[in-house]
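Below is one structure, written out as structure tokens; the observations come after it.
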Amino acid sequence: MSDRWRSLLEKICIPIGALVAALVLFGLFCALAGANPFGVYYSIYRAAFGSWSSFQNTLIQASPLMLSALCTALPARLGLVIIGNEGALVLGGLAAVAGGLTLGGWGLPTPGVQLGMALAGMLAGGIWIAIVGALRHYRAVNETISSLLMNYIAIALLNHMVNGPMKDPSSLNKPSTYPIPEMHMLGNLPGSRVHYGLVLGLVACGLAYFLIQRTTFGFAARTAGGNIRAARVAGLPVGKLTLAICFLGGACAGLAGMVEVAAVHGRANESLNANYGYGGVLVAFIARHNPIAASLVALLLGGILASGGILQRSHGLPDATVMVFQGLVFLSVLYSDSLYGRLPIFKARPARPASPPMATATPV
Amino acid sequence: MATEALGLWGVPLAIIAGTLRGSVPFLFVSLGECLTEKSGKINLGLEGTLLMGAMSAYAVSYLTGSPWLGVITAGIAGMFLGLIHGWLSQQPRVNDVAVGIAMIIFGSGLAFFLGKPFIQPSAPQLPTLSLAGWTQIPQLESALSISPLFILGVAIAPLMQWFFRSSRWGLLVRAVGDSPDAAKAMGISIFKVRMASIVAGSFLAGIGGASLSLFYPGSWSERISSGQGLMAVALVIFARWNPVQCLYASLLFGGAQAIGPAMQSVGIDAYYYLFNASPYILTLLIMVITCSPKRTLTGAPGSLGQAQE
């Protein structure tokens, strides 16, 4: 087995091992809570991937997760830990509604309105995270804390807008904005209930991978993420890179908000704040900030999220069970990071010495 | 409406009352975070610890009828989460910020899971101390009834300052936080000192959670914490890792939190949601003003945020 294969095998086996360990821990947790762990596993599997109908639910949940994961994964290449996904998503959704209503009011045809909504969402989310990047670069404000605070501010803005300036007076029980007209909504993929957000998510992950791995821009970002001082000495514009990467990441999360609004809810309200942001952080970390891996992990997590309802109905477990599971997966994946290069199976064998080993010459 | 008799004087009064009540969780969590960071590790997961503390305090107070037993349980529940954080964040190549994010999800998930049955019932609350024996105005009386936990927190702040400055153990914690290599050379176990600091800090954060569910707002629900555990991290930076300044900063943040409800109580509610965001905006502004790319902050532990070898 060559060293290259061994290292590839290590990269595949350790995350899978972490997931299996998390499943075992979760099973123990369910057993303590009085549910049959194997029944729970089976229910999750069935609700997530068991039939075409349930797999469609998984795909619907996965699309915003793919987009929102990029908000953490892209800046991570620069060494930034950004968790403002929720805020960028919420503002993206809000801006998309504002854009859609304005453009629709002008009588633009549907493709124009949809493009406008997407651009508005991306711009809002992008600027929101670019602020975090700017604070980091120019004021050395810790980006993790500032992006978290910005989440709360964004949610307050959403509440302010849907309860005040943008409120549809007919939405009594759940204050919401005016709805986007039915004809301007994002449609479904032919022959399914899955909306076009899935395509956007897959394309965004593919583009992000290409950008990071195959372009000079991505190379510059990875260099700066590896050693910022060396990057400065090499003359890389670290400030511009920071702002650009943060903008792109935020734009992806904003697009997730637009997808949620334009394909699922039809209007902006509290439901936008549905933890896809924090789910995206989790996806990015499990995928080790690789956009292609993120699209696969998003499918997995989307499946877990889709199974929340059935755990409640058939096992009597509260809806927070899914959150405990996510937490266990996250913790076990983080622990697995410390195992790289420490497990003997994956260690490169030392080059074989030319002379026969000493052991064969042991005196009797 | 309570403020009608007092007119616009009701606003500052409501803010003062809100400050005395709302600063308690900030105080405990920031003292806990201060202790943790002095040893060189960041614990972002105190948000989860706070929720876990709030839930376990409420549940135990409801089941046993003794709120003080609830407070102790909250601290112990915090220590349990602290053990996980302390162990995991000290593994090689594991980032303590990432562990903190994971602990937020895990801690709050666990709190919501176990706390589901306790959302409806009402648990016995902690007794309050009244400072308003001299007045007959009922609004003033209710405003000036403070929590014994507040007094406890006010007492802990200078004690912790003394601990860092003058005690042998405090010196150990500071040595590990400032120059782990030197501490190692002295034969101190970095792992043990950091573990003890994180666990003790989480104990305090758990008690902060108890003050949420057993004093103010005094109930248990999934929305009981509004990010106090996260803001504590910024608050400690603002307080320059000094426990007594953590006390002042907590009062400031408690006051900022009280602005929204106070404005609403006199009928100004057009910007209710935006006023509610004022603690977060304040935190962000403070960080923008106090941080600088050119120098490290005075008082910052030397090894804070550096990767473990």
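The values are calculated or read from the model by the stated rules, or taken from the named source; none is laboratory data. This one's a predicted model, so the numbers in the text were calculated from it and none came from an experiment. A quick note on method: Cβ atoms are made from the backbone with ideal geometry, for glycine too, and the neighbour counts reach across all protein chains shown. For accessibility, only protein heavy atoms count, side chains too; no ligands or nucleic acids. Shrake-Rupley method; radii C 1.70, N 1.55, O 1.52, S 1.80 Å.
Condition check ((1) over 24 Å from the mean Cα position of the chain (by Cα); (2) within 12 Å of chain A (Cβ to nearest Cβ)) across all residues:
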{"site": "B:256", "(1), (2)": "no, no"}
{"site": "B:259", "(1), (2)": "no, no"}
{"site": "B:262", "(1), (2)": "no, no"}
{"site": "B:265", "(1), (2)": "yes, no"}
{"site": "B:276", "(1), (2)": "no, yes"}
{"site": "B:279", "(1), (2)": "no, yes"}
{"site": "B:285", "(1), (2)": "no, yes"}
{"site": "B:288", "(1), (2)": "no, yes"}
{"site": "B:301", "(1), (2)": "no, no"}
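Right, residue A:214: away from every other protein chain (no Cβ under 14 Å), out of contact with any Leu (no Cβ under 7 Å at 6 or more places or on another chain), free of Cβ contacts under 8 Å to residues at least 24 places away in the same chain and among the charged types (D, E, K, R) or not? Judged against the criteria, residue A:214 is a match.
The residues listed here are B:247, B:251; of these, the one that is hydrophobic (A, V, I, L, M, F, W, C), more than 14 Å from chain A (Cβ to nearest Cβ) and surrounded by fewer than 21 Cβ atoms within 10 Å (Cβ to Cβ) is B:251. I'm told residue A:311 meets every condition in (1) open to solvent by 20 Å² or more (accessible area, probe 1.4 Å); (2) part of a helix (DSSP H, G or I); (3) within 14 Å of chain B (Cβ to nearest Cβ) except one. Can you identify the failing condition by its number? Tallying (1) open to solvent by 20 Å² or more (accessible area, probe 1.4 Å); (2) part of a helix (DSSP H, G or I); (3) within 14 Å of chain B (Cβ to nearest Cβ), residue A:311 fails exactly one: (1).
Tally time: how many residues in the range A:152-203 are polar (S, T, N, Q) and either within 14 Å of chain B (Cβ to nearest Cβ) or part of a loop (DSSP other than H, G, I, E, B) (or both)?
If we filter the range A:152-203 for residues that are polar (S, T, N, Q), which is where we start, we get A:159, A:163, A:170-171, A:173, A:176-177, A:188, A:192.
Applying the additional criterion that residues be either within 14 Å of chain B (Cβ to nearest Cβ) or part of a loop (DSSP other than H, G, I, E, B) (or both) yields A:159, A:163, A:170-171, A:173, A:192.
The qualifying residues number 6.
If we keep just the residues of the range B:150-207 that are among the basic types (Lys, Arg) and farther than 21 Å from residue B:298 by Cβ, which is least open to solvent (accessible area, probe 1.4 Å)? Ranking the qualifying residues of the range B:150-207, first place goes to B:194.
For residue B:218, indicate whether it is surrounded by fewer than 19 Cβ atoms within 10 Å (Cβ to Cβ) and modelled with pLDDT under 85. No. Residues in the range B:289-309 that are surrounded by 14 or more Cβ atoms within 10 Å (Cβ to Cβ) and among the hydrophobic types (A, V, I, L, M, F, W, C): B:291, B:297, B:300, B:304.
Looking across the range B:27-55, just one residue is within 14 Å of another protein chain (Cβ to nearest Cβ), among the small types (Gly, Ala, Ser) and not in a helix (DSSP H, G or I), and that is B:45.
Among the residues of the range A:77-101, those that are more than 12 Å from the chain's Cα centre (by Cα), more than 17 Å from residue A:265 (Cα to Cα) and at pLDDT below 95 comprise A:77, A:78, A:79, A:80, A:81.
Cβ-Cβ distances below 9 Å connect the following pairs, each with a first residue in the range B:107-120 that is facing chain A (nearest Cβ under 8 Å), a second residue that is among the charged types (D, E, K, R) and part of a helix (DSSP H, G or I), and a separation of six or more residues or different chains: B:107/B:47; B:108/B:47.
Among the criteria (1) at the interface with chain B (Cβ under 10 Å from one of its Cβ atoms); (2) part of a helix (DSSP H, G or I); (3) open to solvent by 30 Å² or more (accessible area, probe 1.4 Å), the one residue A:326 does not fulfil is (3). Filtering the range B:213-227 to residues that are part of a helix (DSSP H, G or I) and in contact with a Leu (Cβ under 6 Å, 6 or more places away or on another chain) leaves only B:214.
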